[in-house]
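Heads up, the thing below is written out as structure tokens.
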Amino acid sequence: MSEQARQIDKTGYLVGIAAYVIWGMFPLYFIWLAQADAVEIVFYRALWGLAAVIVFLACTHKMGNLRSTLHNRRAVGTLIIAGFLVCANWTIYVYAVNSGRTVDAALGYFINPIMTVALGIVVLREKVSKLQAAAIFCGIASIVVMVVGMGYLPWIAIALPLCFAFYSLAKKQVAASTPPVAGMVIETAAIVPPLAVYEFYLTSQGKDVVSKILSGGGGTREIVIMMALLAGSGIVTIVPQTMFAWVSTRLPLGVLGMIQYFSPVMQLIIGVFIFHEHMPLARWLGTAIVWVALMFLTADMLVSSRRTNRILAAGTKGTAPDTHGGKGNLAH
């Protein structure tokens with residue numbers, strides 16, 4: 001590997017970790033918006049996020065990237081799908097935080113790497129190693145344990161990783177041909193119109209956040225603060241998402257799944273120790289089983305990485321290593 005490639009990889013890891021750390025701190029921000037409807041928050045996130053990325057493109061003289069991307073119909077279609085997937089992810093996440101289920105959201109993002117591997121097997125027909133199979137089995141077992149122990153299906157912990165896994169897959173399909181920020185404009189612009197219709201409905205029914213503030217005795221000051229926070233939600237959304245889009249062109253999907261552990265760890269800590277959410281025994285057991293699954297995936301990644309490095313090293317020397325004795329599969 002060249003020195004330049006190593007530098008790109010190092011930079012990619014650092015930017016990826018930073019993105020997931022920012023995502024991990026989101027509950028501390030969105031709890032201030034609890035008075036607003038979850039979809040209403042997503043509307044303002046998308047609206048102001050869209051404005052931010054358009055301004056960024058204009059200031060960096062890269063509007064040409066957007067125009068060239070719009071000529072790629074396949075990329076546009078994929079990005080629109082990605083937009084609705086991330087919209088669903090945002091809505092579920094905001095609802096989880098503002099309804100006292102941050103822990104369930106954290107568990108969902110713990111499950112995400114397992115969901116990503118399963119998605120690769122089912123959708124991309126990738127081969128499954130024994131370690132990956134064990135991880136998937138543990139993921140299913142953790143859900144069964146929580147359903148039996150808590151008496152209900154932790155749907156947030158399932159829906160969040162499902163949406164994000166499909167979103168990651170969609171972004172990966174266009175990452176090589178689409179500039180990250182231009183892609184962000186298209187996927188965000190796709191969801192603003194339907195969200196605006198919902199916001200209009202809330203306003204007509206007197207259920208929007210401004211009406212709630214006024215009916216609760218609040219005044220101009222409270223409205224200005226809330227609007228500023230809602231506008232800020234777009235900025236804090238676009239920053240890590242743009243970082244993720246940039247990183248997705250430099251790191252394998254499996255690696256992206258590994259570094260995302262930073263986010264759910266922080267969310268779990270916030271949910272338990274700051275928001276004081278209840279953690280029954282079944283949820284602790286389910287979380288522990290998920291961690292076992294993540295250990296399997298980590299081991300699988302290390303084994304695959306070492307095998308790939310041996311093949312690359314042998315290829316450089318002009319020889320091929322004997323890989324027939326290995327029982328695992330190369331990561332895809």
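The values are calculated or read from the model by the stated rules, or taken from the named source; none is laboratory data. Treat the numbers as computed from the prediction; the structure is a model and nothing was measured. Here the Cβ is made from the backbone with ideal geometry for all residues, glycine too, and neighbour counts use every protein chain on show. Ligands, DNA and RNA are excluded from the accessible area calculation, which covers all protein heavy atoms including side chains. Shrake-Rupley method; radii C 1.70, N 1.55, O 1.52, S 1.80 Å.
Please report, for the Cα atoms of region 173-238, the Rg to one decimal and the Dmax as a whole number; what are they, in angstrom?
Every Cα atom of region 173-238 included, Rg and Dmax give 16.2, 52 Å.
Which of Phe262, Phe30, Phe56 moves the most in a Gaussian network model of the chain with Cα springs under 10 Å?
In this elastic network of the chain, the residue with the biggest mean-square fluctuation among Phe262, Phe30, Phe56 is Phe56.
How do Ile92, Ile54 stack up against each other in accessible area, from largest to smallest, with a 1.4 angstrom probe? Walk me through the intermediate numbers first.
Values: Ile92 25, Ile54 70 Å².
My answer, sorted largest first, is Ile54, Ile92.
Under a plain spin-label model, where a point goes 7 Å from the Cα along Cα-to-Cβ, how far apart in nm are His278 and Ser68?
It works out to 5.6 nm between the two label points.
If you take the alpha carbon radius of gyration of region 10-313 and divide it by 2.2 N^0.38 Å, what ratio comes out, to two decimals? Numbers along the way, then the final one.
On the way: Rg = 20.0 Å, N = 304, 2.2 N^0.38 = 19.3 Å.
Relative to the rule-of-thumb radius for its length, region 10-313 sits at 1.04.
Could you give the nm distance between label points at Tyr13 and Trp291, where each point is 7 Å from its Cα heading toward the beta carbon?
2.3
Would you calculate a helix-derived [θ] at 222 nm for the chain, using -39,500 (n - 2.57) for each DSSP H run of n ≥ 4 and dividing by the full residue count, to the nearest 500? Display every interim value, and only then the final one.
Details: 14 runs with 257 residues, N = 332.
Rounded to the nearest 500, it is -26500 deg cm²/dmol.
Any idea what diffusion coefficient region 35-110 gets from Stokes-Einstein, in µm²/s, Kirkwood Rh on alpha carbon pairs, 37 °C, 0.692 mPa s?
The Stokes-Einstein estimate is 227 µm²/s.
On a full-extension model of 0.36 nm per residue, what is the gain between Val148 and Ile223, subtracting their alpha-carbon distance, rounded to one decimal in nm?
Values: separation 75, 0.36 × 75 = 27.00 nm, distance 4.42 nm.
Taking Val148 through Ile223 to full extension adds about 22.6 nm, to one decimal.
Considering only Met115, Val236, His276, whose Cα is most displaced toward the positive end of the charge dipole of the chain, charges sitting on Cβ of Lys, Arg (+1) and Asp, Glu (-1)?
Highest projection toward the positive end goes to Met115.
Relative to the Cα centre, what is the charge dipole magnitude of the chain, using +1 at the beta carbon of each Lys and Arg, -1 at the beta carbon of each Asp and Glu, and rounding to the nearest 20 debye?
Roughly 1020 debye for the chain.
Quick check: Cα centre of region 162-199 to Cα centre of region 14-89, how many Å?
Measuring centre to centre over Cα atoms gives 7 Å.
Please give the helix 38-59 orientation as an angle from the longest Cα principal axis of the chain, in degrees from 0 to 90, rounded to the nearest 10.
It is inclined by approximately 70 degrees.
Between helix 220-247 and the chain, what is the angle of the helix's C-alpha long axis to the longest principal axis, kept within 0 to 90° and rounded to the nearest 10?
Once rounded, one gets 10 degrees.
The chain: longest stretch without exposed trypsin sites (Lys or Arg not before Pro) (DSSP loop, at most 16 other Cβ within 10 Å), sites themselves excluded?
Longest site-free region, per DSSP loop and neighbour criteria: 208-326.
Can you pull the accessible area of Leu131 for me, 1.4 Å probe, Å² to the nearest 10?
Roughly 50 Å² of Leu131 is accessible to a 1.4 Å probe.
Run the simple label-point estimate for Val123 and Ala34 please: 7 Å along Cα→C-beta, distance reported in nm.
3.4
Mind checking the angle between helix 102-122 and the chain's longest principal axis? C-alpha axes, 0 to 90 degrees, to the nearest 10.
Compared with the principal axis, the helix lies near 40 degrees.
Which entries of Lys171/Lys207; Lys10/Lys171; Lys62/Lys172; Lys10/Lys130 show an alpha-carbon separation above 26 angstrom in the structure shown?
Listed pairs above 26 Å: Lys171/Lys207; Lys10/Lys130.
In the Gaussian network model of the chain, springs joining C-alpha atoms below 10 Å, which of Ile191, Ile225, Ile235 carries the largest mean-square fluctuation?
Checking each option, the largest mean-square fluctuation is seen for Ile225.
Return an integer: the convex hull volume of the alpha-carbon atoms of region 134-227, in Å³ per residue.
182
Just flag the chymotrypsin sites (Phe, Trp or Tyr not before Pro) in region 128-159 sitting in loop per DSSP whose Cβ has no more than 14 other Cβ atoms within 10 Å.
Hits after loop and neighbour filter: Tyr152.
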